[in-house]
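Here is the structure we will look at, set down as structure tokens.
The values are calculated or read from the model by the stated rules, or taken from the named source; none is laboratory data. Just so we're clear, the structure is a prediction, and the values are computed from it rather than from any experiment. So basically every Cβ, Gly included, is an ideal-geometry build from the backbone, and we count neighbours across all protein chains shown. SASA here: full protein model, heavy atoms, side chains in, ligands and nucleic acids out. Shrake-Rupley method; radii C 1.70, N 1.55, O 1.52, S 1.80 Å.
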Amino acid sequence: MDSKVRVRFAPSPTGGLHLGGVRTVLFNYLFAKHLNGKFILRIEDTDQTRFVPGAEQYIQDTLAWCGLTPDESPLHGGPYGPYRQSERKAMYKQYADKLIAQGNAYYAFDTPEELDAKRKEIPNFQYSLSHRLEMKNSEALSPEAVDDLLKNNTPYVIRIKVPENEEVSLEDVIRGHVNFDTNMVDDKVLLKADGMPTYHLAVVVDDHLMKITHAFRGEEWLPSAPVHVLLWKYLFGLDKMPKWAHLPLILKPDGNGKLSKRDGERLGFPVFAMDWTDPNTNTTTIGFKERGFLPEAFVNLLAMLGWNDGTDKEIYSMEELIAGFSLDRVHKGGAKFDYEKAKWFNAEWIKKMDNEKLATLVKPYFDEAKIEIHEHSYLIKVVGLVKERCNLLPDFIAQSSFYFQAPKEIDTASIAPKWDAKKRAFFEALTTIYQSKVDTGIITTPALELETEFKELVAKHELKPGELMLPFRIMLVGGKFGPGVFEIVEAIELKDTIARIQHSLQLLS
Ligand code: GLU
């Protein structure tokens, strides 16, 4: 049965989604789904100056990739739409007017030039009660002067009138009781000259109209919270206010400050969920998806950045996260991001994933590397053979291209120092055995049988298997890696094996 729980993710479409942003979505989603509630995506695009084309689509694509499907959104619709604030413009003015009528907001007629001049005159100028009466607004001017300005259609904004000497508080689900001194809060603009609300007014009005019960967002929004609490008090009543949680930051690997896009570039790991190309600069920031992370792993590692269920368990499916999630196990402190650990999650999910699904996911990487795959069933088999060795999806190329084509480079330098005529004779004899099988129509031989044959031939040549296995491996795959040698021979079949041995014998002469 559906509950009344309604949560929202309310991003401004200004660029790629940082992993902290996706974790905010995830915690909202898990909380709602755990309680059979609804998860809403609301696009907060009232700041037209920060609007970036493509950013909303990117947000929707990221949520879809992660499997965090909204119940209501611009795309999915829903009973409280529109879900894009720019399309709700007409709804906000009445609330600004109500605040004016109640004396909780005022008209401000200051021009950008006047504001600039004031900022130059007063370092760290804040439009707040300490300077309110020095400015051109309905608090400072006479009612007649204000009427005149309004009659003359003088452009104005509406600002909140933050009260003097009050304490504003909220019960944060993660942090507990948080207090703010109103003397430190500035008179934020609520409605701009073009009639568009600012984020502060729109977030409160929409949380109310959309019946949001819980508002979870990043810690960076905590300084704005007193304005929101005041607006709730003036417009709808504090008893109607959603429960707040400000989620701790994701920190740099060394724990020193918030993990930024630049840290990722500096340290060589993704910070965004998916590749993001900034249309203004045409620069691309890499994403977890394109780096070869599975969405299951990405979601799992994000959940563990700041939450655990109190046990040592680390691998969780979405269903398990939904079943086990509770906000009281979200840590108060920031969580350090560790890329090696992130890759470990991915490796675990690669191991768990069924080979057929995995083959479909790695196929594009093979196409990109121009490695032809004749039979999909062979790719499925190979994926199963090497998946234990892969952390990221592109690793499948390095770990398995030799199943599909002869290696381009053979590390003969690792064979040469111990290479001698006896070993050459051995490999020549081995190709003769394989060739005689091919001549009788045998395509391949099971690995176990190949191993037995190999060992018998080694004994006949009075050599030790240990001295021959490494050269054999290098001849087949090009280097010192890969799964069992005889499993490789079985998979690439006898003809190819012969060709690869012969090629290496030539290189070694
Ligand atoms: N629009 C804000 C953002 O861009 C949302 C903050 C909130 O959830 O209240 O993140």
* Mind putting together the pair-distance distribution for the stretch 369-424? All Cα pairs, 5 Å bins, whole percent per bin, short to long. => 4, 15, 22, 18, 13, 10, 10, 6, 1
* Which length gain, in nm to one decimal place, applies between LYS93 and ASN152 when the Cα-Cα distance is subtracted from 0.36 nm times their residue separation? -> 19.3 nm
* Enter the accessible area per residue of the stretch 197-298 (Å², integer; probe 1.4 Å; all protein chains in place). => 39
* Amide H within-cut-off set for ASN137, under 5 Å, with H built and near neighbours excluded -> PHE109
* Structure fact -> In terms of the charge dipole of the stretch 1-91, which places +1 on Lys and Arg and -1 on Asp and Glu at the beta carbon, the residue among PRO53, TYR83, TYR29 farthest towards the positive end is TYR29
* **Highest-first arrangement of 436-447, 90-101, 485-496, where packing means the average Cβ count within 10 Å** => 485-496, 90-101, 436-447
* **³J(HN,Hα), Karplus 6.51/-1.76/1.60, whole Hz, each residue of the stretch 306-311, x for Gly, Pro** => x, 9, 8, 9, x, 10
* For the chain, find the longest principal axis of its Cα atoms and tell me its angle to the long axis of helix 421-439, 0 to 90°, nearest 10. => 90
* For the stretch 335-494, what size does the Cα cloud have along each of its three principal axes, sorted from largest down, in whole Å? -> 59, 37, 27
* Tell me, what % of the accessible area of the stretch 157-284 is carbon and sulfur with a 1.4 angstrom probe? -> 49
* aspartates and glutamates whose Cα lies under 15 Å from that of LYS4, excluding same-chain neighbours fewer than 8 positions away -> ASP71, GLU72, ASP207
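Relative to the present Cα-Cα distance, how much length would full extension add between ASP278 and LEU505 at 0.36 nm per residue of separation?
76.5 nm
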* Computed over the chain, the ratio Rg/Rh where both radii use C-alpha atoms and Rh is Kirkwood -> 1.17
* Please give every one of the lysines within straight-line cross-link reach of LYS351, meaning a C-alpha to C-alpha distance under 16 Å, and leave out same-chain neighbours fewer than 8 residues apart. => LYS341, LYS343, LYS381, LYS387
* To do: Pairs of Cα atoms under 8 Å, at least six residues apart: use those to get the relative contact order of the chain, whole percent.
  => 12
* Structure fact -> At the level of C-alpha centres, the distance separating the stretch 298-355 and the stretch 448-509, in angstrom, is 41
* Structure fact -> Among PRO242, LEU393, GLN126, the residue whose Cα sits farthest towards the positive end of the charge dipole of the chain (+1 at Cβ of Lys and Arg, -1 at Cβ of Asp and Glu, taken about the Cα centre) is LEU393
* Roughly speaking, what is the centre-to-centre gap between the stretch 252-287 and the stretch 127-157 when only Cα atoms are used, to the nearest Å? -> 44
* **Those aspartates and glutamates that a straight Cα-Cα span of less than 20 Å connects to LYS418, excepting residues fewer than 8 apart in one chain** => GLU409, GLU428, GLU462, GLU467
* Structure fact -> Restricting to Cα pairs under 8 Å and 6 or more apart, the percent relative contact order of the stretch 311-451 works out to 19
* By how many degrees, between 0 and 90 and to the nearest 10, does the Cα long axis of helix 225-235 differ from the longest principal axis of the chain? -> 50
* **Nonlocal amide H pairs with LEU247, under 5 Å, H built at 1.01 Å** => ARG217, GLY218, GLU219
* Asked: Tell me, what are the semi-axes, in whole angstrom and largest first, of the equivalent ellipsoid of the stretch 148-236 as set by the roots of 5 times the Cα gyration tensor eigenvalues?
  -> 26, 16, 10
* Structure fact -> Expressed in nanometres to one decimal, the distance between label points 7 Å along Cα→Cβ at GLU372 and ASP312 is 5.0
